[in-house]
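Novice: Structure below; questions to follow.
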Amino acid sequence: MAAADTQITEPEVNQALASEHGLNAEEYQRILDLLGRTPTFTELGIFSAMWNEHCSYKSSKKWLRTLPTTGPQVICGPGENAGVVDIGDGQAIVFKMESHNHPSYIEPYQGAATGVGGILRDVFTMGARPIAAMNALSFGAPDHPKTRHLVRGVVEGIGGYGNAFGVPTVGGEVRFHPAYNGNCLVNAFAAGLADADKIFYSAASGVGRPVVYLGAKTGRDGVGGATMASAEFDETIEEKRPTVQVGDPFTEKRLLEACLELMASGAVVSIQDMGAAGLTCSAVEMGDKGELGVRLDLEAVPCRETHMSAYEMMLSESQERMLMVLRPEKETEARAIFEKWDLDFAIVGETIPEDRFDVRLNGQTKADLPLKALSGTAPEYDRPWEPTPPAAPLGELPPMGSATATLATLIGAPDLCSRAWVWRQYDHMVMADTVQRPGGDAAVVRVHGTEKGLAFTCDVTPRYCKANPVEGGKQAVAEAFRNLCAVGATPLAITDNLNFGNPEKPHIMGQFVGCVQGIGEACAALDFPVVSGNVSLYNETDGQAILPTPTIGGVGLLEQASQSLRIAVAEHQRLILLGQSAGHLGQTIYLREILGREDGDAPSVDLASERKTGEFVREIAANGLIAACHDLSDGGLAVAAAEMALAGGVGVHLDHSPQDMRDEAWFFGEDQGRYLIAVETDAADAVLAAAGDARIIAQMVGSTGGTDVSLGNDAIALGELRTTHEAWFAQWMGDS
Amino acid sequence: MKTSVIVFPGSNCDRDMAVALRNATGHEPTMVWHKDSALPDDLDLVAVPGGFSFGDYLRCGAIAARSPIMRAVVDHARRGGLTLGVCNGWQVLIEAGLLPGALMRNADLKFVCQDVHLRVEEVQNPFSRGYQAGQIIRVPVAHHDGNFYGDEDLLDRLEAENRVAFRYVDANGDATARSNPNGSARNIAGVLSENRRVLGMMPHPERLADSALGGVDGSVLFEALAA
C-alpha cells in the first residue's frame, strides 16, 4: 500500500465534519483546546469513537456510579470486558449483557449474529470458556409490516452464530409492543467459566512490549458503527446498512480456542477484544488502564481490502479480532498457536512510557494524541431530567367474563404464548451440560465435571418501567432474583443492559434516572450486585422512544444441579401460594390483552419480603419439600398455574378468589414477590407451618390432577389450552 | 477399548463425544487434530463429532473430508475399523465416501434443536446391538442440514440390506411427516455402511447419555460399543 493513496481522500477537518462525526460544537472546542491545534482526520475519527455515547457513557456515568457493585462474591465488577464472580472451588463465572439494537434493526441477521459474537468475545477475552448464552429481544407490534422480518432475521442470526460457535443458548425473552416498531432491541448475554486465579484483564504493563493483533483481518465494515449507535434513527436509516458488520462464527470459534491456548501458555500480559470502534478503543483502553502510551504501526495490520486508510483501520468494526500485549520471550510459541488455528498474528506496535497515542502508517504520523485524555477527559453530562408523573388510578373496571376463556386468551397472546418456535432454532444442549432447558423460570447449566449448577435468567417488564421507573427498575431485579430462587439457585450477581430513548429529552432521562434508582435499591436490598453492563440510548425513531427497557441478566449458583426445581407438576399435589396478594391490576397483561388498556401504576416491590420469600423457597427446597415451583409474573396466579400444568401434562385446579377480592384480581393480578409451589399432599402441612415460622404469607390455593385447568367452577381442557399456547408463534410466522 | 475423536477447527461436540466414550469405556479417548495424518495404533473406534467443521459455509463436511486426517480415517474404516459419525460427523463421512446419500438443508430451512423419538430399526451391528429391535428411544437433534436424501434405488437398497439404523418416529413409534424434524427421505435418521462397521446419524446420542441431563437412551449405544 502506498502512503500517498491514503492521503488523497482525507477531507478538511472543521466543525461541520465534527458534527457529521456526532461531536457537537462544545465537544469539538474541547478537542481544539486539548490539542492546541486542529486534529487530523484520523484523530477526529478517534475522538468521535471514544467520545460517543456508546463508548464514553457520557450521559449515564453519573447515575451508573450509584449502583452497588461489590460483595464478597465479586472478583471483578464493572469496567472490564465482563464481570467476574466467585462460584467456589477456585472457579469463577464471567458474564455480561450487551445490546446490538441499531445494527439488528438495519440488518437483523448480521446485526444479531455479531451481537452474539461481541458478547462471547467479551467473555473469552477474560480467559473464560463460554458455557451459556441468552437473548432478550423486544420487537414491534405483531401486525407491523416489519416485525416478522426482524423476528425471523434476528432469531436466525442468533442461532447461526451461537450454534456454530458451540455455546448453548439456554434462555431469554421475546416481547412485542408498538413502541419498538421502529427500534427493536437485541440484548445478548454470555457467561463463561474460568479458574478464579486465571482471569485476564485489559491493563497493559511493561514498556517496550509488543502490541499484537490477533484473529480475523480488518476490512471496511462497521466504520462509524459506534457513532451510529449513539444517534436517533430517521428515514435515512437504510443508508446506514454498510456500517453493520458481518459475523464469522467459525473464525470466532478458532479465536476462542487459540486465545485460551495462548493464555495457558503464559504469553499474555493483557488482552482486549476489538468491539465498538475496534482498534481505537482496544488500544486506548489497554494503555489507559496500564498508565502507558501505545504506538501503532498500521502497515502491519492484516487487512482484507487494499488501500485502507489509517482512519478506516482505526474505526473498522470488523469482527473476531483481539489486541494483546505480549511477553516478548513467548513470541515464537504464541505465533505457533495462531498458525495452528490459521489465524492472523501480527505485531502492530508497542507499549511506550509516555502518555501518548502515536498512530503511524508507513512511518507517517496519522494521529498523535495524549492517550489518557482520550478517555479521561471525555465529556460527562448531568443531563436535565424530569421524574415520570405518578399514574392515575385505574378506576372502575368492567366485570370479567369466563375466567378460563380469559386464561386461554392470555396464554395464547403474543407475549405469553410458547417460545418454542424461537428456541428450537438455538442449540441449547451443545457442551452436554444443560440440565434445565429453555421454558422454565431459569436455565440451569452444570459446571462441567462437577455436580454444581449455574442458573441464568433475563428479565424486565418495560410497561412497568414506563408507568413507574423506580418500581419498574426494582421489579426487573426482583424478578431475576425470584426466577433464580424458583429453580433453587442462590442469586449471585447481575449484569444490566439499559435500553432507553434519547437522553437529551428530560422525560426520557427521567425514566433512566428512575430505573437506575430502582435497580440500585433492589441490588442493595437483595445483595445482588451489578458486575457488568451496557447502556444503549437514543433508541428512538422519528422521535418515538421505546419503552424504558433495563434488561437484567441474573446468575445464580446451585450446589447440586440435578436438584434444581422445575415448574412441571404431577398428579395429587397441593398448590401453595407464597407471598402477599393484593390483586394489583395496573399495567397487567390482563388489562392490556382483555380490556385493551395500558394504564395504571406498576405493582410495587417490597424488597424485604422479596428477599425473605426467596430465601424461604431455597430453604424448603433444600429440605426436599417442594415438588415444583414457579415464580408469578406476567398473567399472575392463573397463568403460572397453567404453565405448570402444561409443563407437567397434568391438570390443575385453583380455588375461588378470597371473598374480598374480584376474580380477575385474584387470578390475573400481578403482585410481586410471589411463588406458586406444588408440594406432595403429605408435605403441605409442614410447608405451611414452616412458612408460619418464617413469617411468610402462605396459603393453599389449589391442587393438581385430571386433564383440566379449572379456576373456581370454570374449567378448560388442558389439551385445548396447549393448542392455544403453542399455536400463535408458528402460525404468525407462517410456518404452520 | 481404544477410541479417538477427530477434532476439526469448528468441531464443537468433540468434548461431549469424548465424555460419552470415556464414561462407557473407562478410558480417555485420544483427541486427534485434523492436520495430523495418522491415527493412534491399534485403534478400535474413530468418532467424528458434531459441530461446524470448517464453518459449513459451503457444503457441510466437504472441506473437512479433505483434511489430512481423513485419509487415515478412510483407511481405518476400509480395514473394518469401527467408525461413528454424529451430525456434522455423518456429513463428513458422506463427503469422504464412507456412507451413501446426501444430507441437505432441513426441509423448513431452519436449524432444529429438540428431542426426537427414534425407532431402532436394526440391531445386528456393533452400534445399536444394545437396543431391542423396534425400541423407541429419545435423543436430541441439533442441525441445519440433516435432510437425508437418496434416490429411490439407494433407499430401497438400504432398506433391503437392513442398513437403516434409526428412523424418526412419534412417541407411538409411527414414522409420520410430523415426527420427521428435517424432511429426511423415509424418515431416515441413521445409516450403516455395507460392512455395518460405519454408522452415520444425525441425532446426538452423546447428549442424552447422563441422567442429570434428562435421559440415558444415548448411553446404550456407547455401552454396546464398549462391551
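Read the figures in this text as sums done on the coordinates, not as results from a lab. Just so you know, these numbers come straight off a predicted model, no measurement behind them. Note that we place each Cβ from the backbone using ideal geometry, even for glycine, and neighbour counts take in every protein chain shown.
Novice: Among the lysines, select those whose C-alpha is under 29 Å from the C-alpha of B:Lys2, and discard any that sit fewer than 8 residues away in the same chain.
Specialist: Counting by Cα, and skipping residues close in sequence, B:Lys2 has these lysines nearby: A:Lys253, A:Lys340, B:Lys35.
Novice: Report the Cα-based extents of the protein assembly as shown along its three principal axes, largest first, to the nearest Å.
Specialist: 81, 80, 50
Novice: Please list the non-local residues whose amide H lies under 5 Å from the amide H of B:Asn12, H modeled 1.01 Å from N, same-chain partners needing a gap of 5 or more.
Specialist: Hits under the 5 Å cutoff: B:Gly51, B:Phe52.
Novice: Just name one of A:Gly83, B:Asn106, B:Ala38: the one whose Cα is farthest towards the positive end of the charge dipole of the protein assembly as shown (beta-carbon charges, Lys/Arg +1, Asp/Glu -1).
Specialist: B:Ala38
Novice: What is the calculated FRET efficiency for B:Glu223 to A:Arg662, with r their C-beta to C-beta distance and R₀ = 60 Å, to the nearest 0.05? Let's see the in-between values first.
Specialist: Numbers: r = 58 Å, r/R0 = 0.97.
Once rounded, the FRET efficiency stands at 0.55.
Novice: Where in segment A:308-330 does the label zone of A:Leu34 land, with the point 7 angstrom along Cα→C-beta and an amide N cut-off under 13 Å?
Specialist: What the label zone holds, given the 13 Å backbone N cut-off, is no residue at all.
Novice: Another question about this same structure. Distance check, please: which entries in A:Lys96/A:Lys372; A:Lys466/A:Lys612; A:Lys289/A:Lys372 exceed 18 angstrom between their Cα atoms?
Specialist: In this structure, A:Lys96/A:Lys372; A:Lys466/A:Lys612 lie more than 18 Å apart at Cα.
Novice: Could you compute the net charge surrounding B:Gly215? Neighbours are other residues with a C-beta less than 9 Å from the C-beta of B:Gly215; K and R count +1, D and E count -1.
Specialist: Numbers: positive: B:Arg138, B:Arg207; negative: B:Asp115, B:Asp210, B:Asp217.
My count for the surroundings of B:Gly215 gives -1.
Novice: Report the net charge of residues surrounding B:Glu194, where surrounding means a beta-carbon distance below 12 angstrom and charges are Lys +1, Arg +1, Asp -1, Glu -1.
Specialist: +4
Novice: Right, something else. How high is the FRET efficiency from A:Asp542 to B:Arg178, r the C-beta distance, R0 60 Å, rounded to 0.05?
Specialist: On the way: r = 44 Å, r/R0 = 0.74.
Using R0 = 60 Å, I get an efficiency of 0.85.
Novice: Set Lys and Arg Cβ to +1 and Asp and Glu Cβ to -1, take the dipole of chain A about its Cα centre, and tell me which of A:Tyr180, A:Ser56, A:Ala689 lies farthest positive.
Specialist: Going by the charge dipole, the pick is A:Ser56.
Novice: Run the quick spin-label model on B:Arg71 and A:Thr306: label points 7 Å from Cα toward the beta carbon, then report their separation in nm to one decimal.
Specialist: Using points 7 Å along Cα→Cβ, the separation is 3.6 nm.
Novice: Right, something else. Can you tell me how segment B:150-227 classifies by the Cα gyration tensor, rounded, prolate or oblate, using a/c under 1.5 as the rounded cut? Before the final figure, lay out the partial values.
Specialist: Numbers: a/c = 2.63, a/b = 1.32, b/c = 2.00.
Judged from the Cα gyration tensor, segment B:150-227 comes out oblate (a/c at least 1.5, b/c at or above a/b).
Novice: Shape of segment B:3-226 from its Cα gyration tensor (a ≥ b ≥ c, root eigenvalues): rounded if a/c is under 1.5, otherwise prolate when a/b > b/c, or oblate?
Specialist: Working: a/c = 1.38, a/b = 1.22, b/c = 1.13.
Rounded, because the longest to shortest axis ratio a/c is under 1.5.
Novice: Show log10 I(q)/I(0) for segment A:558-672 at q = 0.15, 0.17, 0.19, 0.22 Å⁻¹, two decimals, from a solvent-free Debye sum over equal Cα scatterers.
Specialist: For segment A:558-672 at q = 0.15, 0.17, 0.19, 0.22 Å⁻¹, log10 I(q)/I(0) is -0.74, -0.93, -1.11, -1.32.
Novice: Using the crude model of +1 on Lys and Arg Cβ and -1 on Asp and Glu Cβ, and no other charge, please compute the dipole size for segment B:3-226 relative to its Cα centre, in debye to 20. Don't jump to the answer; show the numbers that get you there.
Specialist: Details: 21 positive and 28 negative charges, 49 e Å.
The calculated dipole for segment B:3-226 is roughly 240 debye.
Novice: Quantify how strongly other chains surround peptide B:42-55 by giving the mean number of their Cβ atoms within 10 Å of each of its Cβ atoms. Provide the component values of the computation, followed by the final result.
Specialist: Details: counts 0, 0, 0, 0, 0, 0, 0, 0, 3, 7, 8, 1, 1, 8.
Per residue, the number of nearby Cβ atoms from other chains is 2 on average.
Novice: Would you be so kind as to identify which of B:Asn162, B:His117, B:Tyr131 lies farthest towards the positive end of the dipole of segment B:115-227, taking Lys and Arg as +1 and Asp and Glu as -1 on Cβ and the Cα centre as origin?
Specialist: B:Tyr131
Novice: Still on this structure, I have one more. Tell me, which longest segment in chain A has none of the trypsin sites (Lys or Arg not before Pro) that fall in DSSP loops with at most 12 further Cβ atoms within 10 Å? Numbers along the way, then the final one.
Specialist: Details: sites that count: A:Arg37, A:Arg65, A:Arg695.
Longest stretch, sites excluded: A:66-694.
Novice: Could you tally the net charge around A:Gly127, taking each other residue with its Cβ under 15 Å from the Cβ of A:Gly127, Lys/Arg +1 and Asp/Glu -1? Spell out each step's value before the answer.
Specialist: Values: positive: A:Lys96, A:Arg121, A:Arg129, A:Lys198; negative: A:Glu80, A:Asp86, A:Asp122, A:Asp195, A:Asp197, A:Glu257, A:Glu261, A:Asp273.
With Lys, Arg at +1 and Asp, Glu at -1, the neighbours total -4.
Novice: Is the C-alpha gyration tensor of segment A:41-83 telling us rounded, prolate or oblate? Criteria: a/c under 1.5 is rounded; beyond that, a/b larger than b/c is prolate, otherwise oblate.
Specialist: In terms of gyration-tensor shape, oblate.
Novice: Which ³J(HN,Hα) values, rounded to whole Hz and listed in residue order, are derived for segment A:361-377 from phi using the Karplus coefficients 6.51, -1.76 and 1.60 in 6.51 cos²θ - 1.76 cosθ + 1.60 with θ = phi - 60°, glycine and proline given as x?
Specialist: My calculation for segment A:361-377 gives 10, 6, x, 9, 6, 10, 8, 9, 10, x, 5, 4, 5, 4, 9, x, 9 Hz in order.
Novice: Also, quick follow-up: Any idea what the dipole of segment A:514-605 comes to, in debye rounded to 20, about its Cα centre with Lys/Arg Cβ at +1 and Asp/Glu Cβ at -1? Show your work: numbers first, answer last.
Specialist: Numbers: 4 positive and 10 negative charges, 62 e Å.
The calculation lands at about 300 debye.
Novice: Using helices alone, what [θ] at 222 nm do you get for chain A, with -39,500 (n - 2.57) per DSSP H run of 4 or more residues, divided over all residues and rounded to the nearest 500? Before the final figure, lay out each step's value.
Specialist: Working: 25 runs with 259 residues, N = 736.
Calculated mean residue ellipticity at 222 nm is -10500 deg cm²/dmol.
Novice: Determine the gain in length on full extension of the stretch A:Ala730-A:Glu20; use 0.36 nm per residue of separation and subtract their C-alpha separation, reporting nm with one decimal.
Specialist: Working: separation 710, 0.36 × 710 = 255.60 nm, distance 4.29 nm.
Separation in residues times 0.36 nm, less the Cα-Cα distance, equals 251.3 nm.
Novice: Can you tell me the orientation of helix A:607-622 relative to chain A, as the angle in degrees between its alpha-carbon axis and the longest Cα principal axis, to the nearest 10?
Specialist: Relative to chain A, helix A:607-622 is tipped by roughly 80 degrees.
Novice: A further question on this structure: Nearest 20 debye, what's the magnitude of the dipole of chain A about its Cα centre given +1 on Lys and Arg Cβ and -1 on Asp and Glu Cβ?
Specialist: Values: 55 positive and 97 negative charges, 136 e Å.
Dipole of chain A, to the nearest 20 debye: 660 debye.
Novice: Taking a quarter of the surface of the convex hull around the Cα atoms of segment A:384-433, what do you get in nm²? Mind dumping the intermediate values first?
Specialist: Numbers: hull surface 35.5 nm².
The number I arrive at for segment A:384-433 is 8.9 nm².
Novice: Given N residues in segment A:131-219, what is Rg(Cα) / (2.2 N^0.38 Å)? Show your work: numbers first, answer last.
Specialist: On the way: Rg = 18.7 Å, N = 89, 2.2 N^0.38 = 12.1 Å.
Taking the Cα Rg and dividing by 2.2 N^0.38 Å, one obtains 1.54.
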